[in-house]
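What follows is a short report on a single structure.
The values are calculated or read from the model by the stated rules, or taken from the named source; none is laboratory data. Every value quoted in this text rests on a predicted model; they were computed, and no experiment measured them. Cβ: placed from backbone, ideal geometry, glycine included. Neighbour counts: every protein chain shown.
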Amino acid sequence: MKSIPFSLVLIALCMLISCSSDTDTPEDELPEPLGMYFPPLNENEWETISITQLDWNEAAEQSLYDFLEVNNTDAFIILKDGRIVIEKYFGDFDATKNHSWNSAAKTLTSITVGIAQQEGFLDINNPSSDYLGVGWSSLTPEQEQNITVKHHLTMTTGLDYTVENNFCTDKECLIYKEDPNTFWYYHNATYSLLDDIVAGATNQDFKTYFSSKIRDRIGMQGSWIKTGYLNLYFSTARSMARFGLLNLNEGQWEETKIWEDQAYFNQATTTSQVLNPSYGYLYWLNGKNGFRLPESEDLYPGKLIPSAPDDLYAGLGAFDQKLYVVPSQGLVVVRMGDAANSEEFGPTSFDNELWGKINDVIN
């Protein structure tokens with residue numbers, strides 16, 4: 001008679017007596033997954049979670065800090081599901097100090113426009129002259145009628161971006177170049193006019209409307225400050241992180257819905273037109289097959305930030321102000337400071353290098 005292999009005997013015994021190893025953890029002792037966390041409104045308290053708890057690579061942490069410091073960073077934060085994993089300040093900058101978002105604040109404007117539409121004050125498919133009044137530009141009334149609010153949101157107004165001052169919102173600076181939606185160019189003046197569009201639609205000062213609908217409801221601080229033709233937003237790094245967390249949770253702050261119009265948010269954070277696949281409604285998008293950059297007419301092949309997750313979307317400002325949101329990983333990343341290199345606007349090579357360092361930590 002042939003002997004029965006020992007492995008088969010062991011399997012049979014396990015089936016009879018429900019074998020378990022000494023290292024197995026009973027189900028009722030397994031740690032529960034952490035849900036989304038929201039810091040209290042108007043308080044400094046903020047829950048943290050360590051790199052070790054997340055099983056990230058602690059050995060790569062110092063290399064990330066060294067990279068940030070040598071590249072003129074003032075503030076850097078990583079949130080995981082709302083909890084602070086990393087919060088680092090450099091030089092004499094600290095958690096209480098305000099910094100300009102520069103064009104990363106375009107995301108604030110985008111969401112403010114969406115809320116104004118949700119509340120019935122405007123329709124982004126309507127001509128912007130409905131809210132600015134006829135004669136806001138040097139165009140004919142017929143040409144103005146062809147420019148919608150959506151064209152301002154997507155940088156496709158057709159206005160002349162080769163004027164001497166790309167930021168100028170005076171009538172004489174707003175000149176016809178081509179029909180709307182025929183070319184994409186990063187034209188700051190057409191973006192700045194969205195403040196006046198919201199003000200005209202809501203019959204409220206833009207700053208007041210923004211503060212009541214977004215800032216105050218999620219515990220942000222900070223303010224818009226007029227600098228030349230631009231409204232620049234200044235806040236702490238934690239306030240930028242709060243807005244990133246609001247985006248990560250698609251407009252929900254604890255039990256409060258800051259915005260209900262999910263269709264608008266989806267459109268804002270996905271390709272908004274065919275001319276620049278990596279641009280939504282004032283948001284930059286990763287993972288697309290091509291992109292255009294500020295101050296360039298060229299279309300480049302490939303992803304915006306090759307080393308970053310494909311589903312990343314971002315607010316990107318001059319001198320490397322960064323607000324990254326990565327839904328698939330529950331991440332919000334904030335970087336404030338001076339320019340890391342000579343490239344001033346929008347996405348830069350610094351984005352790719354920074355994500356290489358972040359990947360070393362989180363993977």
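Of note:
- Just one of the numbered conditions (1) under 18 Å from residue 113 (Cβ atoms); (2) out of contact with any helix residue (DSSP H, G or I) (no Cβ under 6 Å at 6 or more places or on another chain) is not true of residue 310: (1).
- Conditions (1) touching a Lys or Arg at 6+ places or on another chain (Cβ under 8 Å); (2) surrounded by 15 or more Cβ atoms within 10 Å (Cβ to Cβ); number of the one not met by residue 125: (2)
- Cβ separations smaller than 8 Å between residues 6+ apart or across chains give the following pairs from the range 283-307 residues that are within 20 Å of residue 151 (Cβ to Cβ) and in contact (Cβ under 8 Å) with a residue 40 or more places away in the chain to residues that are assigned to a strand (DSSP E or B) and among the aromatic types (Phe, Trp, Tyr): 283/313; 284/313; 291/279; 291/300; 292/279; 292/300; 293/300.
- Test for residue 312: is it farther than 27 Å from residue 40 by Cα, among the hydrophobic types (A, V, I, L, M, F, W, C) and crowded, with 22+ Cβ neighbours inside 10 Å: no
- Remark: pairs (first residue in the range 167-182, in contact (Cβ under 8 Å) with a residue 60 or more places away in the chain; second residue of a type in the set (Ser, Thr, Tyr); Cβ separation under 6 Å; 6+ apart in sequence or on different chains) = 167/229; 168/229; 169/192; 169/229; 181/156.
- When residues of the range 257-270 are limited to those that are among the β-branched types (Val, Ile, Thr) and surrounded by 16 or more Cβ atoms within 10 Å (Cβ to Cβ), the one nearest to the chain's Cα centre (by Cα): 269
- Apart from one condition, residue 292 fits all of (1) within 16 Å of the chain's Cα centre (by Cα); (2) surrounded by fewer than 23 Cβ atoms within 10 Å (Cβ to Cβ); the exception is (1).
- The residues in the range 153-198 that are in contact with a Lys or Arg (Cβ under 7 Å, 6 or more places away or on another chain) and within 20 Å of residue 108 (Cβ to Cβ) can be counted, and the count is 1.
- Of the candidates 226, 213, the single residue that is farther than 26 Å from residue 76 by Cβ and without any contact (Cβ under 8 Å) to a residue 40 or more places away in the chain is 226.
- Count of the range 130-160 residues which are surrounded by fewer than 21 Cβ atoms within 10 Å (Cβ to Cβ) and of a type in the set (Ser, Thr, Tyr): 2
- Scanning the range 272-280 turns up at least one residue that is under 26 Å from residue 67 (Cβ atoms), modelled with pLDDT of 95 or more and surrounded by 22 or more Cβ atoms within 10 Å (Cβ to Cβ).
- Residues satisfying the stated conditions in the range 75-122, i.e. aromatic (Phe, Trp, Tyr) and surrounded by 22 or more Cβ atoms within 10 Å (Cβ to Cβ): 76, 101
- Matching residues in the range 161-203 - criterion: being farther than 20 Å from residue 103 by Cα, out of contact with any helix residue (DSSP H, G or I) (no Cβ under 7 Å at 6 or more places or on another chain) and buried (at least 16 other Cβ atoms within 10 Å of the Cβ): 183
- All positions within the range 66-87 that are charged (D, E, K, R), in a strand (DSSP E or B) and farther than 13 Å from residue 241 by Cα: 74
- Residue tally, condition more than 29 Å from residue 37 (Cβ to Cβ) and among the hydrophobic types (A, V, I, L, M, F, W, C), over the range 200-234: 5
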